[in-house]
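Take a look at the structure below.
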Amino acid sequence: MLDFPGRTACIVWLAACNMRCGYCHNPQIVLGKGTISTDAVLAFLQRRRGLLHGVVLSGGEATAWPGLIDFTARVKAWGFAIKLDTNGLRPDVVEHLLGRGLVDYIALDYKAPQHRFVAVTGTTAYRRFSRTLDLLCAQNAVPFEARTTIHDALMDEADIITIASDLHRRGYRGDYALQPAITGRDRPTLGALPPQMKEWDLARLQARSPVKLQIRQP
Ligand code: SF4
């Protein structure tokens, strides 16, 4: 009821990821090989045609799965709306999905500004992310949202304003969602981050941001 705006949906978490974010609370998905076969997921969805409205493709990183486009085409043909959650490292896959009308909503994680991208994501692929962001800002066929998971050991307020300003410069006019990371002894994460100490001050950030901010509790 929460993950796909306006639709009841199931979430399919695709195993594996092309990033290594320290705050990631899905290490079993990122490092694992998956627990359910594609056929089992398809059978699940086939039984729910007309009952569920949408399917959220998440992960891990959904676009890193080679079977994504065929899977999405099949599920879309059954009448499901598709939401893609992506970290933006596969602009080619996003472009293909958009070009074939296989996706109805995209949530793009803007992980960090360029100077912090390696520290936050463990990858040097900011340019690929940047291509996806430009692609999404340039199209208006599909609604998309930009969002960032924030942890005070990795980013500060100036970094968030850098992202917000970059979004605005590229033409993004939607809300920009900030999700404080949850770390702690009872929440296994990919990296050994300390617990988040900061109370993020939305009003102070909003006063400096050219796009509208939302704090989302995870
Ligand atoms: S938080 Fe980072 S490592 Fe975890 S699934 Fe998302 S992109 Fe991958």
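No value in this document is a laboratory result; all are computed from the given coordinates. The structure displayed is predicted, hence computed values, not measured ones. Neighbour counts run over all protein chains shown; Cβ positions are idealised from the backbone, glycine included.
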Item to complete: Could you grab the pairs with beta carbons closer than 6 Å, sequence gap of 6+ or different chains, first residue in region 67-90 and of a type in the set (F, W, Y), second one part of a strand (DSSP E or B) and buried (at least 18 other Cβ atoms within 10 Å of the Cβ)?
Response: F80/G54; F80/V55
Worksheet entry | Filtered residue count, region 109-127, keeping only those that are in a loop (DSSP other than H, G, I, E, B), farther than 14 Å from D159 by Cβ and within 11 Å of the ligand (Cβ to nearest atom) | 2
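A quick yes/no check of all residues on (1) closer than 25 Å to G6 by Cα; (2) touching a strand residue (DSSP E or B) at 6+ places or on another chain (Cβ under 7 Å); (3) without any contact (Cβ under 8 Å) to a residue 40 or more places away in the chain:
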site	(1), (2), (3)
H115	no, no, yes
Q139	yes, no, no
F144	yes, yes, yes
P180	yes, yes, yes
Worksheet, complete the sentence: Selection over region 160-197 where residues are assigned to a loop (DSSP other than H, G, I, E, B), crowded, with 18+ Cβ neighbours inside 10 Å and not aliphatic (A, V, I, L, M) yields a count of 4
